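K.L.:
Quick one: the structure is below, and I'll ask about it shortly.
The values are calculated or read from the model by the stated rules, or taken from the named source; none is laboratory data. Because the structure is a prediction, the values reported are computed rather than measured. So basically every Cβ, Gly included, is an ideal-geometry build from the backbone, and we count neighbours across all protein chains shown. Just the protein is used for accessible areas: all its heavy atoms, side chains included, with ligands, DNA and RNA removed. Shrake-Rupley method; radii C 1.70, N 1.55, O 1.52, S 1.80 Å.
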Amino acid sequence: MLSEQSLKKIEELKKRYPRPQPVVLAALWMWQEENGWISREGMVEVAGLLGIPEHHVYGVVSFYTMFNSTPVGRHKIEVCTNVSCMLRNSDRIVKHIQESLNVGVGETTPDGRFTLVEAECLGSCGTAPMMQVGDEYYENLDEAKVDAILSRLK
Amino acid sequence: MTMEPLILPPVPGLSGIDVYEAHGGYGMLRKAVTMKPEEVTDEVKKSGLRGRGGACFPTGLKWTFMPKQTDKQKYLCVNGDESEPGTFKDRQIFELNPHLLIEGAVIAAYAMGVGTIYLYIRGEYKRWIAMVEKAVDEAYARGYCGENILGSGFSTSFTVHRGAGAYICGEESSLMNSIEGERGYPRVKPPFPAQFGLWGCPTTINNVETIANVPVILRLGWEAYSKIGHPKHPGPILVGVSGHVNSPGVFELPTGVLLTDIIYKLAGGVPGNKKIKAVIPGGSSTMILRGEALEGVTMDAEGLKAAGSSVGTAGLIVMDEDTDLVRVLTRIAGFYHHESCGQCTPCREGTGWMHKILKRFEIGEATRADLDLLLEVANNIEGNTICALGDAAAWPVQSMIKRFPEEFERRVKPGAAPGPPGGGALGATGGGRTAHSALASFPA
Ligand SMILES: Cc1cc2nc3c(=O)[nH]c(=O)nc-3n(C[C@H](O)[C@H](O)[C@H](O)COP(=O)(O)O)c2cc1C
Ligand code: SF4
Ligand code: FES
């Protein structure tokens, strides 16, 4: 169930559009922020709140890469490996994380702490290499910086 | 070469409304609402401003496509999806000068008689979305958005709409579908957005940087503005430099600056004083240029067209002499394959083919026939799709093969028989946003 605060926010957002469906992305964001990923239950609730079919919500969730339709680790690490980052050795960053967490790309650590994925360009090409962990951007990375960042994330 | 920054002036605290106002901020909105809407559009038209979202379309002209007499709601979508690899400039506006963007959007809305503005920002930019939302709240509180703006009788709302990770949502019709709460599939054009946009109503889509130029035009006057930089593509432009340079970053420049000056004088040159093998001048979909061909080429629509490329988003990616260009191209092809929405067969299948063939080059398993096949696939995509993502995927491949044949030659498997094009080893493409059918269905 979404929190009272989110439900209120959804009602406010509905007023910004001529119909309720456009709020679907915002509502799904709220669900994911509260639960870490979007379960079937979440899609049903969002569909009900906006009066749209469940399968439509499912279609939206599956289209956008940032929505997790399966559980992920507490911290999702997304290392950009697109061109500008690749030119500045993003592959070394990926390898370092793989080795230090003993996790493959697309996998979650057994303790559920981290999920590692490669990302497309995140709009930080001038501060490459970079990664996003959860909502935060970490830029101008090297191995030591990565270690310091990961050790802070419990 | 450089100029007094107009879009990103180095004023501490400018992102706050008090400082922005103290530096004359919202003065141009005040001025605009005393003008006739057509007069505002006319200023923008005469200034020569061309869109900064990639296609360089004349902004004032685009605004005139909006119907004047209509019973329908009209909409302005400001495009802050910023997902083209090599592009990181709109983020600077969100962070350093969000009120300039808001002021520009409200002026644009006034000029077109728009009652609702949506600013679409890519989902990953959560921190920057929060910055912009704070600025929007401030603007509402001071009466620059909302009902009866500055007592003019003109009203327009301003809503930030957060995306959720999809490059294709930067394409204007896909962006509208995404705002409507649909999956972000591009629409077939015509009808064009000015006739049939959001919910079938007249809609204009402009890039964030384009809109941020609007108050600047009113402040300087169209004549002075049109004299900045290249006469056919005037104004300040935010150039992002990344890759093999000592000081990467976003630089605000007049259009028309030499690429070599940008790379060597502003971005600090290449680490280790290495030679430049190649540059991609305007984001990943623009055609690659050889390092030896940079002399005299300028950063503007005309200069880059003459050089056989385009200005795109002015995201300049520099690659030194040791760069493995096949690897670069394989990565770019993988990106377009991943981001293809899957609606059109040539794009859905072709991007997968290109990626697969390039991977064979990358590991030295490709034959000479693979090179012909690769080019053929690219040629089959170009011009045959609903949206320009297909072209964007084809251009890097075509230009790389044409301008760097030796990079591919070197990778052909020694002693390999030419082999039939599309030979069995290719297999199914997989990946992408939707189920991909087997490659065998693509005409080889
Ligand atoms: C695949 C694709 C992705 C695009 N992504 C963006 C983007 O992220 N931001 C943007 O402003 N324009 C993007 N565009 C261009 C838009 O369709 C549109 O031309 C632009 O927003 C218009 O603004 P302008 O006239 O101010 O340049 C993209 C186009 C395509 C085909
Ligand atoms: S060209 Fe590609 S991205 Fe564009 S509509 Fe067709 S399949 Fe989708
Ligand atoms: S290429 Fe990595 S952030 Fe743009």
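K.L.:
Among the candidates B:Glu362, B:Glu349, B:Glu339, which residue alone is within 16 Å of ligand 3 (Cβ to nearest atom) and outside the structural domain of B:Met287 (by TED's automatic domain parsing)? Step through it out loud before you land on a result.
P.N.:
On the way: B:Glu362 fails: within 16 Å of ligand 3 (Cβ to nearest atom); B:Glu349 fails: within 16 Å of ligand 3 (Cβ to nearest atom).
The unique qualifying residue is B:Glu339.
Yes/no matrix, rows are residues, columns are (1) within 16 Å of ligand 1 (Cβ to nearest atom); (2) within 14 Å of another protein chain (Cβ to nearest Cβ):
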site	(1), (2)
A:Val57	no, yes
A:Tyr64	yes, yes
A:Val72	no, yes
A:Asp91	no, yes
A:Gly123	yes, yes
A:Tyr137	no, yes
A:Glu143	no, no
A:Ala148	no, no
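K.L.:
So is A:Thr108 more than 11 Å from ligand 3 (Cβ to nearest atom), hydroxyl-bearing (Ser, Thr, Tyr), over 26 Å from B:Val270 (Cβ atoms) and touching a strand residue (DSSP E or B) at 6+ places or on another chain (Cβ under 7 Å) or not? Steps first, answer last, please.
P.N.:
Working: more than 11 Å from ligand 3 (Cβ to nearest atom): yes; hydroxyl-bearing (Ser, Thr, Tyr): yes; over 26 Å from B:Val270 (Cβ atoms): yes; touching a strand residue (DSSP E or B) at 6+ places or on another chain (Cβ under 7 Å): yes.
Taking the combined requirement at face value, the residue satisfies it.
K.L.:
Go through segment B:313-336 and give me each residue that's open to solvent by less than 10 Å² (accessible area, probe 1.4 Å) and either under 18 Å from the mean Cα position of the chain (by Cα) or closer than 20 Å to B:Gly249 by Cα (or both).
P.N.:
Within segment B:313-336, B:Ala314, B:Gly315, B:Leu316, B:Ile317, B:Val318, B:Met319, B:Ile332, B:Ala333, B:Phe335, B:Tyr336 meet the criteria.
K.L.:
Within segment A:31-74, track down each residue that is in contact with a Lys or Arg (Cβ under 7 Å, 6 or more places away or on another chain) and open to solvent by 20 Å² or more (accessible area, probe 1.4 Å).
P.N.:
Within segment A:31-74, just A:Arg74 meets the criteria.
K.L.:
Quick one: would you say B:Val250 is open to solvent by 30 Å² or more (accessible area, probe 1.4 Å) and of a type in the set (A, V, I, L, M, F, W, C)?
P.N.:
yes
K.L.:
Hey, another quick one. Go over the candidates A:Glu78, A:Glu99 one by one and state the one that is outside any loop (DSSP other than H, G, I, E, B), away from ligand 2 (no atom under 16 Å from the Cβ), under 30 Å from A:Ala27 (Cα atoms) and open to solvent by 20 Å² or more (accessible area, probe 1.4 Å).
P.N.:
Details: A:Glu99 fails: under 30 Å from A:Ala27 (Cα atoms).
Checking each option against the conditions leaves just A:Glu78.
K.L.:
Among the residues of segment B:272-279, are any under 20 Å from the mean Cα position of the chain (by Cα) and basic (Lys, Arg)?
P.N.:
The answer is no; no qualifying residue exists.
Matching residues to (1) open to solvent by 10 Å² or more (accessible area, probe 1.4 Å); (2) among the polar types (S, T, N, Q); (3) in contact (Cβ under 8 Å) with a residue 60 or more places away in the chain; (4) at positive phi:
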| position | (1), (2), (3), (4) |
| --- | --- |
| B:Leu96 | yes, no, yes, no |
| B:His99 | no, no, yes, no |
| B:Glu103 | no, no, yes, no |
| B:Ala109 | no, no, no, no |
| B:Arg127 | yes, no, no, no |
| B:Ala130 | yes, no, no, no |
| B:Tyr140 | yes, no, no, no |
| B:Gly143 | yes, no, no, yes |
| B:Ser155 | yes, yes, no, no |
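Yes/no per residue for (1) open to solvent by less than 50 Å² (accessible area, probe 1.4 Å); (2) touching a residue at least 60 places away in the same chain (Cβ under 8 Å); (3) small (Gly, Ala, Ser):
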| site | (1), (2), (3) |
| --- | --- |
| B:Leu14 | yes, yes, no |
| B:Val19 | yes, no, no |
| B:Gly27 | yes, yes, yes |
| B:Lys36 | no, no, no |
| B:Arg50 | yes, yes, no |
| B:Phe65 | no, yes, no |
| B:Lys74 | yes, yes, no |
| B:Cys77 | yes, yes, no |
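K.L.:
While we're on this one: Going by what's in this entry, would B:Gly123 be described as closer than 20 Å to A:Leu13 by Cα and either crowded, with 21+ Cβ neighbours inside 10 Å or within 15 Å of ligand 1 (Cβ to nearest atom) (or both)?
P.N.:
yes
K.L.:
Is it the case, given these coordinates, that B:Asn273 is without any contact (Cβ under 8 Å) to a residue 40 or more places away in the chain and open to solvent by 10 Å² or more (accessible area, probe 1.4 Å)?
P.N.:
It is true that B:Asn273 is without any contact (Cβ under 8 Å) to a residue 40 or more places away in the chain and open to solvent by 10 Å² or more (accessible area, probe 1.4 Å).
K.L.:
Tell me whether segment A:83-91 contains one or more residues that are surrounded by fewer than 16 Cβ atoms within 10 Å (Cβ to Cβ) and not assigned by TED's automatic domain parsing to the domain that holds A:Met131.
P.N.:
no
K.L.:
Would you mind finding the one in B:Ile357, B:Ile332 that is within 16 Å of ligand 2 (Cβ to nearest atom) and part of a helix (DSSP H, G or I)?
P.N.:
B:Ile332
K.L.:
Shifting gears a bit: Restricting to helices (runs of 4 or more DSSP H) lying wholly in segment B:1-103: which have 1 or more residues that are more than 24 Å from B:Trp199 (Cα to Cα), away from ligand 1 (no atom under 16 Å from the Cβ) and under 25 Å from the mean Cα position of the chain (by Cα)?
P.N.:
Helices (runs of 4 or more DSSP H) meeting the threshold: B:37-47, B:90-96.
K.L.:
May I ask you to say which residue of B:Gly240, B:Gly221 is within 16 Å of ligand 3 (Cβ to nearest atom) and either buried (at least 23 other Cβ atoms within 10 Å of the Cβ) or touching a residue at least 12 places away in the same chain (Cβ under 8 Å) (or both)?
P.N.:
Residue meeting the stated conditions: B:Gly240.
K.L.:
Are there any strands (runs of 3 or more DSSP E) wholly within segment B:115-207 with 1 or more residues that are more than 12 Å from chain A (Cβ to nearest Cβ), and if so which?
P.N.:
Correct list: B:203-207.
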